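Reading through the structure tokens given below for one structure.
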Amino acid sequence: MRNIRLIIAAIIVMPMLSSCGYNKMVDYSEAVDAQWAQVENVYQRRADLIPNLVATVRGYASHERETLEAVIDARSRATGVNFSPEMMNDASMRQFQEAQENLSSALSRLMVVVERYPDLKANENFRDLQAQLEGTENRIAVERNRFNEATRQYNAYIRRFPQRMVASIFSFERKPYFEADRGAHQAPQVEF
């Protein structure tokens with residue numbers, strides 16, 4: 001008799017569970033994780049280009065050792081930050097973004113150094129690397145935007161009623177967004 005009650009209860013409860021939004025939460029969470037993998041992919045592409053870029057610049061500007069070492073060090077720190085979907089929270093996202101900002105800043109300083117070497121700027125290998133790096137930076141922006149959109153969709157869904165109750169029962173938590181780099185709201189000053 002007890003087994004029959006369990007079967008009847010399961011028959012009644014199962015349709016209710018299928019419409020509670022749990023499966024959609026899983027789908028949205030997986031979409032955020034997949035989009036994060038794309039963000040990591042383009043950051044890795046940038047990290048892979050840097051040794052070639054540094055080696056090319058080193059051939060022309062070997063005495064710019066401090067700048068080259070800063071780029072190498074920033075790359076090492078940026079690729080050393082462990083950040084995965086399972087550990088996704090505001091603090092770890094800030095740490096990841098800070099490491100990437102430091103790398104972007106070091107690359108910017110390297111490009112300033114490059115401006116002093118006309119022969120280097122004219123070098124075909126350097127121009128190709130620079131074009132690849134610029135393309136990669138654009139890809140990073142696109143993938144970060146897509147990540148934020150997937151995160152927005154997930155976060156909005158788990159905050160709606162009645163999904164909010166299901167999300168709290170099954171520990172679906174808000175995921176952090178990528179935020180603009182510090183100072184990005186200020187226009188850069190160009191001096192000649």
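Computed from the coordinates by the stated procedures, all read-outs in this text should not be read as laboratory data. Treat the numbers as computed from the prediction; the structure is a model and nothing was measured. Cβ atoms come from the backbone with ideal geometry, glycine included; neighbour counts cover every protein chain shown.
The table for this structure:
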| read-out | value |
| --- | --- |
| Loop-located GluC sites (Glu not before Pro) in region 80-168 whose Cβ has at most 11 other Cβ within 10 Å (DSSP) | Glu115 |
| Coil-residue chymotrypsin sites (Phe, Trp or Tyr not before Pro) of region 103-187, DSSP, other Cβ within 10 Å capped at 15 | Phe170, Tyr177 |
| For region 81-93, 3J(HN,Hα) per residue [Karplus equation, 6.51 cos²θ - 1.76 cosθ + 1.60, θ = phi - 60°, Hz, x = Gly/Pro] | 6, 7, 9, 10, x, 5, 9, 5, 8, 4, 5, 5, 5 |
| Span from the region 34-48 Cα centroid across to the region 83-127 one, whole angstrom | 13 Å |
| Nitroxide proxy distance, nm - points 7 Å out along Cα→Cβ at Asn23 and His63 | 6.9 nm |
| Distance between modelled label sites at Glu98 and Asp73, nm, 7 Å Cα→Cβ extension | 1.6 nm |
| P(r) weight above 27 Å for the chain, C-alpha pairs, percent | 46 percent |
| Among Ala122, Ala131, Ala55, residue whose mean-square fluctuation peaks in a GNM of the chain (springs only between Cα atoms under 10 Å) | Ala122 |
| Sparse-neighbourhood loop sites, chymotrypsin sites (Phe, Trp or Tyr not before Pro) in region 39-93 - DSSP loop, at most 10 other Cβ within 10 angstrom | none |
| Angle between the chain longest axis and helix 124-159 axis [Cα atoms, degrees, rounded to 10] | 20 degrees |
